[in-house]
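Novice: Quick one: this structure, given as structure tokens, is what I'll be asking you about.
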Amino acid sequence: MHEHDVLVVGAGGAGLRAAIEAQEEGADVALVTKLHPVRSHTGAAEGGINAALHHKDSWDKHAYDTMKGSDYLGDAPAIDAFAQEARHEVIQLEHWGMPFSREEDGTVSQRPFGGLSYPRTTYAGAETGHHLLHTMYEQVVKRGIEVYDEWFVTRLAVTDEDDPSERTCHGIVAIEIATGEVHGFYARDGVILATGGLGEVFDHTTNAIACTGDGPAMAFRAGAPMEDMEFVQFHPTTLPSTGVLISEGVRGEGGILYNADEERFMFERGYANNEGELASRDVVSRAELTEVNEGRGIEDEYVHLDMRHLGADRIIDRLENILHLAEDFEGVDGLDDPMPVKPGQHYQMGGVEVDEYGHSCIDGLYAVGEAACYSLHGANRLGGNALPELMVFGARAGRHAAGGVEEESEIATGPGAKSEDGVVDSPVDLGAVSDPDPVATDGGTLATPEQALEAAVEAERTRIETLLERDGINHADVRDRVQQTMTQNVNVFREEANLKQALRDIREARTLYQEVAVRDPSRTYNTDIIHTIETRNVIDCAEAITVGALAREEFRGAHWRKQYQYRDDENWLKHTLYAWNGGEPELYYKPVILEGEEQTYEPKQRSY
Ligand SMILES: Cc1cc2nc3c(=O)[nH]c(=O)nc-3n(C[C@H](O)[C@H](O)[C@H](O)COP(=O)(O)OP(=O)(O)OC[C@H]3O[C@@H](n4cnc5c(N)ncnc54)[C@H](O)[C@@H]3O)c2cc1C
């Protein structure tokens, strides 16, 4: 068994930042990650990282833009902390050696991004995430932080009191991918989940194949609810054939969207008369799909993003990477031709329910980065706000887990935060199908750290043996079903009948999953085992997204409902929680917190 003070699961931007901070607080910290740190998906981030650095800008403007972007579903304590601390974090990155793009006078460049009232997006060419990862990984190496890379975490070791908020997380179980061996890791002080996004729930996504929602799904089954999962961001500019992202930086630099009639539709069709292409992402994605659905799309599928007028020098200086992506994946030379783009799944606003220190309702269990919901982004994330989020909340959680925070949190979590039961007209029973993967067994038997860890290791060994020994179907058939129904039925435009169809399909996938088996008997680098276990996580995340989407009868941020075409603050100014409940999921709500440090945010009409 391995033993550390703080275990960080995942070594993307959020995990690296959490580990650095926990180590600064004096903790013995280890990173456990299924990919090598610099292969984490943060490396794909292109456009930039927001912070109110300029003397004409201020943190409260950044906070206001974030709250407005969230369509008033963000929690003010998280938003205020974020906007204030993002400035320090970006300067910290600069001091660690991040090669930010600069102006002639040497100051760090900042460009406009969608939904921002001031150009506050700093960047390193169109490879911001790549440089951010490398800059922080250097710090991890320099500090001698232990990294278990290519170790796949499959289960949390949590005690099993009836009330999840009385449980404690004592560690994790991980498979060493090189050998196939199952190991227990004991965490003396805390486990921080930094497992990233869940794009694999959909089949057209900007996310990598490793983004399978492992953190939210593991925490969910251990008793920490998933929050606001219905809010999925669809990015307006992805390449049609692959889902590869064309950064918002292109529009930030002045790129223009055209329909098949060569109309600049964001203005000419009145979708966003002030901000045009730089309206927030939900607005632009809906505009593009409306153009396609009304017959003004190109090849009935996409629109054009044109940057030719920016000139070769500026494009090569600031967006060179985009030229390579368009050429390599779509065969288009962005200097000579417009690029085809359409919306694709990009970011999950929801995640593990945590407070403004990343702490869940389970003692010692934290979540940060895209896996978490603080709630910072509410119903819609602004471009350039995820990278500073990784830094701010990674640092906060690392500090808290290592014992460096004394303040009480303002955001309540767990069943005690419930203000109202949820109702959902589901066409099927939700949750487990005689689930072979229980976390809490008989009440009270897993009271000590040793018992919790031993039981979790044992359960994992049994699961893997079963998968290897039995005959059955391949997990890919199951994952494929989920991805197809989610892309078809739980996309940008949502209708009741489609959402119900998705739930039927997810139930079928759950049933089928009981028959999956792993054919490859080897223990060495057996990726079939990894993908099979990940698919179980994909199913749990898909269900939470769809249940939340069916229950929420309003149109807010990224969540559009055909039958409910307006934001309903009277009834829906609240967060959706979906709890596992030992396999009998429960839906409930808790209020949004709009009282901030400097101001109470008043929900207003969101126009751009
Ligand atoms: C193409 C693209 C471009 C983007 N551009 C921007 C941008 O310009 N600005 C911005 O602000 N945001 C951007 N975003 C969003 C932002 O990059 C992501 O939200 C963010 O990087 C996620 O970071 P993370 O640390 O939470 O997760 P990741 O970087 O995805 O890291 C997850 C880590 O968890 C590990 N892991 C996962 N599951 C397990 C498991 N079961 N066991 C062990 N390890 C596990 C992985 O190995 C990995 O190390 C972009 C996103 C995409 C997809």
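Novice: Please give the number of the condition M67 fails out of (1) within 12 Å of the ligand (Cβ to nearest atom); (2) assigned to a helix (DSSP H, G or I); (3) under 19 Å from the mean Cα position of the chain (by Cα); (4) more than 30 Å from Y186 (Cβ to Cβ).
Specialist: (1)
Novice: Still on this structure, please answer the following. Return the residue satisfying two criteria in turn: it lies in the range 346-379 and is of a type in the set (D, E, K, R), more than 13 Å from the ligand (Cβ to nearest atom) and not in a loop (DSSP other than H, G, I, E, B), and of such residues it is least open to solvent (accessible area, probe 1.4 Å).
Specialist: Our first condition is that a residue be of a type in the set (D, E, K, R); within the range 346-379, this holds for 353, 355-356, 363, 370.
If we keep only those that are more than 13 Å from the ligand (Cβ to nearest atom) too, we end up with 353, 355-356, 363.
From what's left, not in a loop (DSSP other than H, G, I, E, B): 353, 363.
On the way: E353: 1, D363: 84 Å².
Among those residues, the one meeting the criterion is E353.
Novice: Let me confirm something: among T195, T179, which residue is of a type in the set (V, I, T), assigned to a loop (DSSP other than H, G, I, E, B), crowded, with 24+ Cβ neighbours inside 10 Å and at pLDDT 95 or above?
Specialist: Details: T179 fails: crowded, with 24+ Cβ neighbours inside 10 Å.
Step by step, each of T195, T179 is checked, and only T195 is of a type in the set (V, I, T), assigned to a loop (DSSP other than H, G, I, E, B), crowded, with 24+ Cβ neighbours inside 10 Å and at pLDDT 95 or above.
Novice: Something else: Give the number of residues within the range 6-23 that are polar (S, T, N, Q) and near the ligand (Cβ under 6 Å from one of its atoms). First the steps, then the outcome.
Specialist: The initial filter retains those residues of the range 6-23 that are polar (S, T, N, Q), namely 23.
Now drop any that are not near the ligand (Cβ under 6 Å from one of its atoms), which leaves none.
Qualifying residue count for the region: 0.
Novice: Given the options E85, E138, E104, E89, name the one that is part of a helix (DSSP H, G or I) and more than 30 Å from Y601 (Cβ to Cβ). Reasoning before the result, please.
Specialist: Numbers: E85 fails: more than 30 Å from Y601 (Cβ to Cβ); E104 fails: part of a helix (DSSP H, G or I); E89 fails: more than 30 Å from Y601 (Cβ to Cβ).
Unique residue meeting the criteria: E138.
Novice: From G197, G213, G223, grab the single residue that is out of contact with any Phe, Trp or Tyr (no Cβ under 6 Å at 6 or more places or on another chain), within 12 Å of the ligand (Cβ to nearest atom) and at positive phi. So that I can check it myself, show each step before the final result.
Specialist: Numbers: G197 fails: at positive phi; G223 fails: within 12 Å of the ligand (Cβ to nearest atom).
The conditions single out G213.
Novice: Looking at (1) within 15 Å of the ligand (Cβ to nearest atom); (2) touching a helix residue (DSSP H, G or I) at 6+ places or on another chain (Cβ under 6 Å), which is the one condition that is false for F265?
Specialist: Looking at each condition in turn, F265 falls short on (1).
Novice: For the range 249-268, give me the residue count where each residue is at pLDDT 95 or above, in a loop (DSSP other than H, G, I, E, B) and not small (G, A, S).
Specialist: 5
Novice: I need the full set of residues from the range 74-108 which are modelled with pLDDT under 95 and either surrounded by 20 or more Cβ atoms within 10 Å (Cβ to Cβ) or in contact with a Pro (Cβ under 9 Å, 6 or more places away or on another chain) (or both), in order please.
Specialist: Answer for the range 74-108, where residues must be modelled with pLDDT under 95 and either surrounded by 20 or more Cβ atoms within 10 Å (Cβ to Cβ) or in contact with a Pro (Cβ under 9 Å, 6 or more places away or on another chain) (or both): there is none.
Novice: So, G249, is that one more than 18 Å from the chain's Cα centre (by Cα), within 13 Å of the ligand (Cβ to nearest atom) and buried (at least 24 other Cβ atoms within 10 Å of the Cβ) or not? Write out each step before concluding.
Specialist: Values: more than 18 Å from the chain's Cα centre (by Cα): yes; within 13 Å of the ligand (Cβ to nearest atom): yes; buried (at least 24 other Cβ atoms within 10 Å of the Cβ): yes.
For G249, the condition - more than 18 Å from the chain's Cα centre (by Cα), within 13 Å of the ligand (Cβ to nearest atom) and buried (at least 24 other Cβ atoms within 10 Å of the Cβ) - is met.
Novice: Do we find that Y578 is farther than 20 Å from F234 by Cβ, among the hydroxyl-bearing types (S, T, Y) and touching a Ser or Thr at 6+ places or on another chain (Cβ under 8 Å) in this structure? Lay out the reasoning, then the answer.
Specialist: Values: farther than 20 Å from F234 by Cβ: yes; among the hydroxyl-bearing types (S, T, Y): yes; touching a Ser or Thr at 6+ places or on another chain (Cβ under 8 Å): no.
Judged against the criteria, Y578 is not a match.
Novice: Further, regarding this structure: Hey, does the range 380-387 have a residue that's over 20 Å from N581 (Cα atoms), more than 10 Å from the ligand (Cβ to nearest atom) and either among the aliphatic types (A, V, I, L, M) or in contact (Cβ under 8 Å) with a residue 60 or more places away in the chain (or both)?
Specialist: Among the residues of the range 380-387, at least one is over 20 Å from N581 (Cα atoms), more than 10 Å from the ligand (Cβ to nearest atom) and either among the aliphatic types (A, V, I, L, M) or in contact (Cβ under 8 Å) with a residue 60 or more places away in the chain (or both), which makes the answer yes.
Novice: Name every residue in the range 561-608 that is open to solvent by 40 Å² or more (accessible area, probe 1.4 Å) and touching a strand residue (DSSP E or B) at 6+ places or on another chain (Cβ under 6 Å), in order of residue number.
Specialist: Hits for the range 561-608 are R567, E586, P591.
The values are calculated or read from the model by the stated rules, or taken from the named source; none is laboratory data. This is a predicted model, so every value here is computed, not measured. When we count neighbours, we look across all protein chains shown, and the Cβ atoms used for this are built from the backbone with ideal geometry, even at glycine. With ligands, DNA and RNA removed, areas are computed over all heavy atoms of the protein, side chains included. Shrake-Rupley method; radii C 1.70, N 1.55, O 1.52, S 1.80 Å.
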